[in-house]
Amino acid sequence: MHGPASSGWLLVALCAATGAYCLLRMRSSVGEQRRAAGGEALMGFGMAAMAVPAAVFTPPPWAWPACAVVFGAAAVQALWTGRGSPHHLHHSVGAGAMAYMAVAMAASPGREHGHGGVGIPALTGLLLLYFAGYVLVTGVRLVPVAAAPERSAATGAGSPGVPGWGDRPELVLACRLSMGIAMVAMLLTM
């Protein structure tokens, strides 16, 4: 219960739940929200698949190169469509990190999850620093602040409506925070 398999399953559950929530966010009426949610769903489910303990399932030899290609393409797509947007740049770094981990897993002799040990230490360290910083900044952004007093709806100056639960910024931040934490955990096993 306290071994690496239990932490692996917790990581799988966290990433799969995050991916499922991101799929639901794709129903948003805001176009940019839908596009971002699609990339985040791919990351969530991909991270869940990569975190499955090796004692339960050992992927076929072609799985890691396939993951590297999929996430490499996602990184390039995020860079191309973002063109300077910080959030798209973050998506690109995340997808690139997933491609890097898949390449490291394909190159490892045992090809077991979480036992790569082959990666470039400097790149792993840079990615760890980036994602640890991202987790801290995102966590701080989730800290509640005093709400501004709402204006009366009778004066017509109030907000046009309450966003749907899929468009709530705090839920989106919590989703991104959980994926950042999962990325740190996965990089620590490299």
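Name the residue that is surrounded by the fewest Cβ atoms within 10 Å (Cβ to Cβ), counting only residues in the stretch 36-58 that are without any contact (Cβ under 8 Å) to a residue 40 or more places away in the chain and over 12 Å from the mean Cα position of the chain (by Cα). Result: Phe57.
Residues that are touching a residue at least 40 places away in the same chain (Cβ under 8 Å) and either surrounded by 22 or more Cβ atoms within 10 Å (Cβ to Cβ) or in contact with a Lys or Arg (Cβ under 8 Å, 6 or more places away or on another chain) (or both) within the stretch 67-89 comprise just one, Thr81. Scanning the stretch 105-131 for residues that are closer than 16 Å to Gly72 by Cβ, crowded, with 16+ Cβ neighbours inside 10 Å and modelled with pLDDT of 90 or more turns up just one, Leu127.
The values are calculated or read from the model by the stated rules, or taken from the named source; none is laboratory data. Computed from a prediction, not measured in an experiment: that's the story for all the values here. A quick note on method: Cβ atoms are made from the backbone with ideal geometry, for glycine too, and the neighbour counts reach across all protein chains shown.
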